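Reading through the C-alpha cells given below for one structure.
The values are calculated or read from the model by the stated rules, or taken from the named source; none is laboratory data. Quantities reported herein were computed from a predicted structural model and do not represent experimental measurements. Here the Cβ positions follow ideal geometry from the backbone for every residue, glycine too, while neighbour counts run over all protein chains shown.
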Amino acid sequence: MTREFSFFGGFFLLVMAAAGLLAYFVFFRDRGQESKPGDWMEAFRRIGQAAPVRPQEADRLRRRLGMAGYRMQAAAPIYSGIRVACSVLVGLATFAIGASFAESWYRALLAAMCAALFGFQLPALILSRRIKRRSARLRAGMPTMFDLLVLSLEAGQSLDAALNETRYQRFRT
C-alpha cells in the first residue's frame, strides 16, 4: 500500500513541477532571451508581492536589509519572495524524500512542515550573518577612515571635499 502512495506522490510532484516550469516559461520569461540573474530576482519580487508583509514588519525588514547593504526599493519584496520560495522548495523536497522512506504519510508530512518552517527561517539567518559581517567590516575600516578624514582636513580641504575624498578612498580599497 505504501509503495502505491509513494508512486502517486512522486507522480503528483513531477506533474506539479512540470506545470510550474511550463507556467514560468509561458508567463514570466521573454522569448528569445537567455536566462540571467535579473529574471530570478523578478520572479522572487513577484512572489514577494503576492505574499505581502505586515506594515510594522515591513519597516523593520527594510531597516535590516539596509543594515546588510540592500538599500534598493525592491529589496523587501525580493527577500519575501526568497523566503516563500525557500520554504516551499525545502518542504517539498523533504516531503518527497520522506514519502519514499517514511512508514506513514503523517511522518512525511510532519517532516515536510518542519522543513518548510526551517526553509522559511533560513533566509533570516543568512541575513543576520550578512548584517554581522558588514558591521564588523565597517568597524574595522573606521579608524582608517577617520585618519584619512583628519589628514584631509589638516591639509586644508573643506569638510565636503574631505568627506568626498574619504568616501572615494573607502570604496576604492
- When the range 65-74 is checked residue by residue, the ones that are buried (at least 19 other Cβ atoms within 10 Å of the Cβ) and either assigned to a helix (DSSP H, G or I) or without any contact (Cβ under 8 Å) to a residue 24 or more places away in the chain (or both) are Leu65
- Query: Of the residues Ala58, Ala19, which single one is part of a helix (DSSP H, G or I), surrounded by fewer than 17 Cβ atoms within 10 Å (Cβ to Cβ), small (Gly, Ala, Ser) and at pLDDT below 70?
  - Reply: Ala19
- Message: Can you find, within the range 92-138, the residue that is modelled with the highest pLDDT among those that are farther than 30 Å from Arg170 by Cβ and polar (S, T, N, Q)?
- Response: Gln121
- Task: Please indicate, with yes or no, whether at least one residue in the range 96-116 is closer than 30 Å to Ala162 by Cα, charged (D, E, K, R) and surrounded by fewer than 19 Cβ atoms within 10 Å (Cβ to Cβ).
- Result: no
- Out of Ala58, Ala68, report the one residue that is over 18 Å from Arg134 (Cα atoms) and over 11 Å from the mean Cα position of the chain (by Cα). Ala58
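Matching residues to (1) touching a residue at least 40 places away in the same chain (Cβ under 8 Å); (2) in contact with an Asp or Glu (Cβ under 8 Å, 6 or more places away or on another chain); (3) part of a helix (DSSP H, G or I); (4) of a type outside the set (D, E, K, R):
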residue	(1), (2), (3), (4)
Ile47	no, no, yes, yes
Arg63	no, no, yes, no
Ala85	yes, no, yes, yes
Arg107	no, no, yes, no
- Across the range 139-173, which residue is surrounded by the fewest Cβ atoms within 10 Å (Cβ to Cβ) among those that are outside any helix (DSSP H, G or I) and at pLDDT 90 or above? Gly156
- Query: Across the range 25-55, which residue is modelled with the highest pLDDT among those that are among the acidic types (Asp, Glu) and surrounded by 13 or more Cβ atoms within 10 Å (Cβ to Cβ)?
  - Reply: Glu42
